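Visitor: Handing you a structure now.
Coordinate-derived values only; no laboratory data. If you're wondering where the values come from, they're calculated on a predicted model, not measured in any experiment. Ideal geometry is used to build each Cβ from the backbone, glycine not excepted, and the neighbour counts take in all protein chains shown.
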Amino acid sequence: MVTKNSSDSSGIVPTRPSEVRQIILNEHNAIRKQLQDLEKLSNSKDLAALKQAIGNFQKTFREHLQHEEAILWPVIKTVDSWGPVRLAEMNKEHSEQREMIEALSNLKQENITKIIKELVGNLTDDMASEEKEFLNPELLRDDVVSSGFGG
């Protein structure tokens, strides 16, 4: 079930963990596409197109981090007793990712290809890890898991 609000571009706020999971996975797929495009452009001589693509990517990625913090963090925090630990790890990762993204604004032409390749590798690995650790369907379940204690 979803409710109307401003949490995503459609104004819909997911209320079930599976909905949150699917939204974030869709964003990850779009980010991967942008990363591929950035990597291709970094190998070309079209500096103007690369700078524009970097600006677009920075905007998309900043919005993605804010979106995760708005809709995923509340779910992660309360999903189980490890929620606060997971949340602290995600917060650390987001801080590091923000630094990487902001550093793109100061790239020099001579090292652009190398730095973009490193960024693509780092963010791709981070998303894969996040999908395994935080977006796992066994973790973000819609049903309540019973401990077997009936009291």
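Visitor: Only residues that are polar (S, T, N, Q) and part of a helix (DSSP H, G or I): list them for region 14-31, please.
Guide: Start the filter on region 14-31 by keeping residues that are polar (S, T, N, Q), which leaves 15, 18, 22, 26, 29.
Selection gives SER18, GLN22, ASN26, ASN29.
Visitor: Does LEU107 count as among the hydrophobic types (A, V, I, L, M, F, W, C) and more than 16 Å from the chain's Cα centre (by Cα)? Explain how you work it out, then say what you get.
Guide: Numbers: among the hydrophobic types (A, V, I, L, M, F, W, C): yes; more than 16 Å from the chain's Cα centre (by Cα): yes.
So LEU107 fits the description; yes.
Visitor: Between a residue in region 87-99 that is free of Cβ contacts under 8 Å to residues at least 60 places away in the same chain and any residue that is among the hydroxyl-bearing types (Ser, Thr, Tyr), which pairs come within a Cβ distance under 9 Å, given they are 6 or more apart or on different chains?
Guide: As it stands, the answer is GLU93/SER129, since those pairs meet every condition given.
Visitor: State whether one or more residues within region 39-50 are more than 18 Å from the chain's Cα centre (by Cα), of a type in the set (Asp, Glu) and surrounded by 13 or more Cβ atoms within 10 Å (Cβ to Cβ). Write out each step before concluding.
Guide: Residues of region 39-50 more than 18 Å from the chain's Cα centre (by Cα): 39-50.
Then drop every residue that is not of a type in the set (Asp, Glu), which leaves 39, 46.
Among the residues that remain, those that are also surrounded by 13 or more Cβ atoms within 10 Å (Cβ to Cβ) are: 39.
Yes, region 39-50 contains a residue that is more than 18 Å from the chain's Cα centre (by Cα), of a type in the set (Asp, Glu) and surrounded by 13 or more Cβ atoms within 10 Å (Cβ to Cβ).
Visitor: Tell me, which helices (runs of 4 or more DSSP H) lie completely within region 32-114 with 3 or more residues that are acidic (Asp, Glu)?
Guide: 83-103
Visitor: With the structure loaded, tell me whether ILE24 is touching a helix residue (DSSP H, G or I) at 6+ places or on another chain (Cβ under 8 Å), touching a residue at least 12 places away in the same chain (Cβ under 8 Å) and under 22 Å from THR78 (Cα atoms) or whether it fails that test. Reasoning before the result, please.
Guide: Values: touching a helix residue (DSSP H, G or I) at 6+ places or on another chain (Cβ under 8 Å): yes; touching a residue at least 12 places away in the same chain (Cβ under 8 Å): yes; under 22 Å from THR78 (Cα atoms): yes.
Here the answer is yes, as ILE24 does meet what is asked.
Visitor: Can you go through SER44, SER95, SER129 and tell me which one is small (Gly, Ala, Ser) and either over 25 Å from ILE23 (Cβ atoms) or touching a Cys at 6+ places or on another chain (Cβ under 6 Å) (or both)? Steps first, answer last, please.
Guide: On the way: SER95 fails: either over 25 Å from ILE23 (Cβ atoms) or touching a Cys at 6+ places or on another chain (Cβ under 6 Å) (or both); SER129 fails: either over 25 Å from ILE23 (Cβ atoms) or touching a Cys at 6+ places or on another chain (Cβ under 6 Å) (or both).
Going through SER44, SER95, SER129 in turn, just one is small (Gly, Ala, Ser) and either over 25 Å from ILE23 (Cβ atoms) or touching a Cys at 6+ places or on another chain (Cβ under 6 Å) (or both): SER44.
Visitor: Let me ask another. Can you tell me how many residues within region 46-76 are free of Cβ contacts under 8 Å to residues at least 24 places away in the same chain and closer than 20 Å to ASN106 by Cβ? First the steps, then the outcome.
Guide: Taking region 46-76 as the starting set, the residues that turn out to be free of Cβ contacts under 8 Å to residues at least 24 places away in the same chain are 46, 48-49, 51-53, 55-56, 59, 63, 66, 73-74.
Then keep just the ones that are closer than 20 Å to ASN106 by Cβ; that gives 46, 48-49, 51-53, 55-56, 59.
The number of residues fulfilling the criteria is 9.
Visitor: Against the condition more than 16 Å from LEU35 (Cα to Cα) and among the charged types (D, E, K, R), how does ARG86 come out, does it pass?
Guide: Numbers: more than 16 Å from LEU35 (Cα to Cα): yes; among the charged types (D, E, K, R): yes.
Here the answer is yes, as ARG86 does meet what is asked.
Visitor: Still on this structure, I have one more. For region 71-81, which residues satisfy the criterion of being among the hydrophobic types (A, V, I, L, M, F, W, C), more than 13 Å from ARG16 (Cβ to Cβ) and over 12 Å from the mean Cα position of the chain (by Cα)?
Guide: Within region 71-81, just ILE76 meets the criteria.
Visitor: Cβ-Cβ below 6 Å, separation at least six or inter-chain, first residue in region 123-144 and of a type outside the set (A, V, I, L, M, F, W, C), second not in a helix (DSSP H, G or I): which pairs?
Guide: Once the first residue is of a type outside the set (A, V, I, L, M, F, W, C) and sits in region 123-144, its partners that are not in a helix (DSSP H, G or I) give ASP142/ARG16.
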